[in-house]
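Each remark here refers to the structure printed beneath this line.
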Amino acid sequence: MTRYISTDAQRQFAQNLAAIAGDFHTHPLYPAFYDAFGRMIDGFIGHYEICISMSTALTDWEMANGAAMAYENLGTPWIEIVERYVDALIYIAIETEELPNPIYTLDRVITASLCLP
């Protein structure tokens, strides 16, 4: 079997990608998102490109903030950040009728998480 994942960063990226894609495609507003942006981003395949961009941004943030300790330092579990991130990107896209930048969207989610009790 070929090993595609050989570093901790690659493993984190793969885990982030799987979680983001799962949340993205099962989000209650996914049908509305698809209706609004499907043609613009080459249909179903384009949604995976968005998920890859989101996972890249999240993995970059993790690596810059303590890797596996990033969520411990933030005080919010990983899956909550993933869920909030997906939710924010979809809501912002539908609200503004534009695809938001995944890096800026993540920054908003992280900043909001820092303000939670």
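The values are calculated or read from the model by the stated rules, or taken from the named source; none is laboratory data. Nothing here was measured: the structure is a model prediction, and the numbers come from that model. Neighbour counts run over all protein chains shown; Cβ positions are idealised from the backbone, glycine included. Side chains are part of the model used for accessible areas, which takes the heavy atoms of the whole protein and leaves out ligands, DNA and RNA. Shrake-Rupley method; radii C 1.70, N 1.55, O 1.52, S 1.80 Å.
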>> Just to make sure I understand: if all protein chains stay in place, what is the order of Cys51, Cys115 by accessible area at 1.4 Å, largest first?
In response: Cys115, Cys51
> So how much slack lies between Ile94 and Phe44, counting 0.36 nm per residue of separation and subtracting their Cα-Cα distance, in nm?
Replying inline: 16.3 nm
> Nearest 20 debye, what's the magnitude of the dipole of region 11-69 about its Cα centre given +1 on Lys and Arg Cβ and -1 on Asp and Glu Cβ?
Replying inline: 60 debye
> Rank Tyr34, Tyr104, Tyr71, Tyr4 by accessible area, highest first, at a 1.4 Å probe radius?
Replying inline: Tyr4, Tyr104, Tyr34, Tyr71
>> Can you give me the solvent accessible area of Ser53 with a 1.4 Å probe, rounded to the nearest 10 Å²?
In response: 60 Å²
> With the chain treated as a Gaussian network of Cα nodes joined by springs under 10 Å, which of Ala68, Ala14, Ala88 yields the largest mean-square fluctuation?
Replying inline: Ala68
> Over its Cα atoms, what ratio of radius of gyration to 2.2 N^0.38 Å does the chain give?
Replying inline: 1.07
>> Heavy atoms only, 1.4 Å probe, whole protein assembly: order Arg11, Arg84 by accessible area, highest first.
In response: Arg11, Arg84
> How much of Leu17 can a 1.4 Å solvent probe reach, expressed as accessible area in Å² and rounded to 10?
Replying inline: 50 Å²
>> Given R₀ = 25 Å, what would the calculated FRET efficiency be for Glu80 paired with Ser6, taking r from the Cβ atoms and rounding to 0.05?
In response: 0.30
> Roughly speaking, to the nearest percent, how much of region 1-81's 1.4 Å accessible area is carbon and sulfur?
Replying inline: 58 percent
> Can you give the Rg to Rh ratio of region 77-117, both from alpha-carbon atoms, with Rh computed by the Kirkwood formula?
Replying inline: 0.98
>> Quick check for me: using +1 on Lys/Arg Cβ and -1 on Asp/Glu Cβ, what's the dipole size of the chain about its Cα centre, in debye to the nearest 20?
In response: 280 debye
> For region 1-104, what is the accessible area per residue in Å², given a 1.4 Å probe and the full set of protein chains?
Replying inline: 61 Å²
